[in-house]
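Below is one structure; the comments refer to it alone.
The values are calculated or read from the model by the stated rules, or taken from the named source; none is laboratory data. Everything quoted here is computed from the prediction, not taken from an experiment. Cβ: placed from backbone, ideal geometry, glycine included. Neighbour counts: every protein chain shown.
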Amino acid sequence: MERLEINEYKKDPGVVLVRKYAELETKKGELKNQITAIEDEQAKIEEAAIEYAERENVRVIDGPDHLLAVTINEETCAPTRKENQDKWQKLRDTLIAEGKFIEGIIISFLAALAE
């Protein structure tokens, strides 16, 4: 039978609990900021890697200890009413003219794309 882990904080006074909790919240915030900074840096590297791969006509970039596989996918999304009213209206008019427009479906479809 496994032993249950003992909660070492159960005997601490409230002041200690609040202080420790606040310290951990601060640390979480700092780590989140670090993660955001890392992700921003990675986005720049991804952009540069895509340009390099296109320029050199390669799909894998060889580094000293790792390989970076570059996959380039072009995504096409229908315009949403919120982001571009003119394009959305043109799409709607085209679908109506082709007999393909169904109000409920297009709204649900575009809402799903916006998520």
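Go through Glu2, Glu23, Glu54, Glu8 for me and flag whichever is closer than 30 Å to Ala69 by Cβ and either at pLDDT 95 or above or of a type outside the set (Ser, Thr, Tyr) (or both).
Numbers: Glu2 fails: closer than 30 Å to Ala69 by Cβ; Glu23 fails: closer than 30 Å to Ala69 by Cβ; Glu8 fails: closer than 30 Å to Ala69 by Cβ.
Matching residue, one of Glu2, Glu23, Glu54, Glu8: Glu54.
When segment 52-102 is filtered for residues that are under 26 Å from the mean Cα position of the chain (by Cα), assigned to a helix (DSSP H, G or I) and of a type outside the set (Phe, Trp, Tyr), the ones remaining, listed by number, are Ala53, Glu54, Gln85, Lys87.
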